[in-house]
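Notes to accompany the following structure.
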Amino acid sequence: MEKKLAEYKCDTNEAICLKLVRFPEDLDDDSTTFHPEYSHQLFGDDKIQGLLCLSLWNLGQVNCIEFTGRLRERLVLMYRVLLSLLNGTHPDDVESKIREIIPARSCSNTEDFVSLLEKEAKFKPFGTLLHTYSVHNEETSEDITYQIYKAEMSCPGFQEYHERLQTFLMWFIETASFIDVDDERWDYFLVFEKYNKDGETLFATVGYMTVYNYYVYPDKTRPRVSQMLILPPFQGEGHGAQLLEAIHRYYLTDPKVLDITAEDPSESYIKLRDFVHAKLCQSLPSFSPDQLIQGFSQKMVKEVQEKLKINKKHARRVYEILRLHNTDMSDLDHAKAYRLEIKRRLVGPYKKNQRELAKMRKCLRPEELGNQMSQIDLQTQHEELEKSYQDLIEEYRRVLERLAQA
């Protein structure tokens with residue numbers, strides 16, 4: 001019975017299908033379908049019945065369509081019978097869970113959705129234009145235009161648009177949550193594709209970022225990136241880097257901004273930030289090759305804070321990336337000097353362990369001290385330090401590879 005029941009269950013990431021739709025013909029194009037990454041935030045870790053729910057997006061409108069038909073009805077009936085025979089439970093109510101995060105204003109059938117597409121063709125971006133750039137499309141051999149806007153919650157229609165847009169956070173950002181839009185400290189940055197269709201200029205949503213402005217005593221603010229998402233069909237095209245670079249340029253104009261940080265950044269965001277920071281810093285005088293070889297300096301800290309709103313911690317990381325770029329690692333002396341420079345920073349936590357061990361020797365009994373010393377084995381620490389160094393170098397090399405292609 002368990003095996004029979006398993007036939008009607010599947011991974012929620014595979015069961016849920018998402019699609020970005022510009023025109024009615026896109027509905028039948030399977031190549032535009034993609035899946036969420038973190039559906040467990042909505043359904044938990046249990047598997048659900050394999051019913052297809054299609055979320056459709058066009059110019060800011062989210063829709064949920066439940067497919068029906070005789071085949072589906074037969075599958076659900078069989079599934080209910082199996083569950084009843086097994087333990088008297090009921091199948092998951094997939095649609096109701098999805099509707100918890102989708103705004104009430106949505107379509108329930110294809111005909112209504114197609115009608116909505118025609119109305120939303122007049123959609124225009126919200127807010128103020130900050131930056132325009134282009135990306136070359138290899139398939140069409142054309143340059144596609146994109147624009148970045150800064151929007152305010154006071155913009156007519158933006159709050160409703162944001163409610164629809166933020167539903168994607170639950171599918172693609174782990175531990176995501178909706179923000180308090182009544183808090184005026186939030187800033188909103190949006191990326192749109194600008195294209196032409198039958199002589200009309202149209203805009204498609206590509207992604208967005210939310211930034212919270214924290215107060216810093218006595219009269220400064222610290223913008224902190226909270227959530228950033230480039231929709232899957234547009235990922236890998238450099239939009240994230242364009243967006244992050246654009247917000248640095250935006251906050252540079254505000255003398256009250258101290259620096260720009262991020263809230264609990266993911267590994268992918270850290271890689272993106274490394275690239276953008278290194279790209280911005282490589283043209284600064286304090287990061288010239290002759291300055292890099294002299295070591296990390298207060299001059300670097302001051303310049304990146306004043307000119308780019310980058311803090312000391314991130315400035316140090318950029319220094320290490322760019323110094324690697326300007327170091328001949330085939331030269332044993334140069335390679336050793338660079339390695340020691342990095343390890344002097346990485347060794348901090350291990351030195352802290354040694355200080356703690358010295359304190360323990362004064363107050364612990366011999367048997368207790370033995371247990372603690374086994375946890376702070378020097379050989380193990382040296383091995384961990386070397387691994388940390390090698391992993392870091394690999395990260396830095398990937399950043400430099402991307403810089404070379406930019």
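In summary, helices (runs of 4 or more DSSP H) completely within the stretch 269-367 and bearing 2 or more residues that are at pLDDT 95 or above and surrounded by 12 or more Cβ atoms within 10 Å (Cβ to Cβ) occur at 289-292, 298-308, 312-325, 332-346.
Of all residues in the stretch 248-267, exactly one satisfies the criterion of being part of a helix (DSSP H, G or I), open to solvent by less than 30 Å² (accessible area, probe 1.4 Å) and either without any contact (Cβ under 8 Å) to a residue 12 or more places away in the chain or touching a strand residue (DSSP E or B) at 6+ places or on another chain (Cβ under 6 Å) (or both), namely Tyr251. Residues in the stretch 235-279 that are closer than 23 Å to Ala176 by Cβ and hydroxyl-bearing (Ser, Thr, Tyr): 4 in all.
Within the set Asp143, Asp219, the sole residue that is under 26 Å from Thr253 (Cβ atoms) and either free of Cβ contacts under 8 Å to residues at least 12 places away in the same chain or loosely packed, with under 11 Cβ neighbours inside 10 Å (or both) turns out to be Asp219.
Are any residues in the stretch 199-239 assigned to a helix (DSSP H, G or I) and touching a Phe, Trp or Tyr at 6+ places or on another chain (Cβ under 8 Å), and if so, which ones? Hits for the stretch 199-239 are Pro232, Pro233, His239.
So, in the stretch 113-134, exactly how many residues are part of a strand (DSSP E or B) and open to solvent by less than 30 Å² (accessible area, probe 1.4 Å)?
Taking the stretch 113-134 and keeping what is part of a strand (DSSP E or B), we get 128-134.
Then drop every residue that is not open to solvent by less than 30 Å² (accessible area, probe 1.4 Å), which leaves 133.
Counting residues in the stretch 113-134 that are part of a strand (DSSP E or B) and open to solvent by less than 30 Å² (accessible area, probe 1.4 Å) gives 1.
In the stretch 220-240, how many are under 19 Å from Asn311 (Cβ atoms) and not β-branched (Val, Ile, Thr)? Break it down into steps so the answer makes sense when it comes.
The initial filter retains those residues of the stretch 220-240 that are under 19 Å from Asn311 (Cβ atoms), namely 220-226, 228.
Applying the additional criterion that residues be not β-branched (Val, Ile, Thr) yields 220, 222-224, 226, 228.
Within the stretch 220-240, residues that are under 19 Å from Asn311 (Cβ atoms) and not β-branched (Val, Ile, Thr) number 6.
Of all residues in the stretch 158-169, exactly one satisfies the criterion of being at pLDDT 90 or above and either at positive phi or open to solvent by 10 Å² or more (accessible area, probe 1.4 Å) (or both), namely Gln159. Of the residues examined, Glu200 is not one that is surrounded by 15 or more Cβ atoms within 10 Å (Cβ to Cβ) and of a type in the set (Asp, Glu).
The values are calculated or read from the model by the stated rules, or taken from the named source; none is laboratory data. This one's a predicted model, so the numbers in the text were calculated from it and none came from an experiment. Positions of Cβ are generated from backbone atoms using ideal geometry, with glycine treated the same way; all protein chains shown enter the neighbour counts. Areas reflect the complete protein model, heavy atoms only, side chains present, ligands, DNA and RNA absent. Shrake-Rupley method; radii C 1.70, N 1.55, O 1.52, S 1.80 Å.
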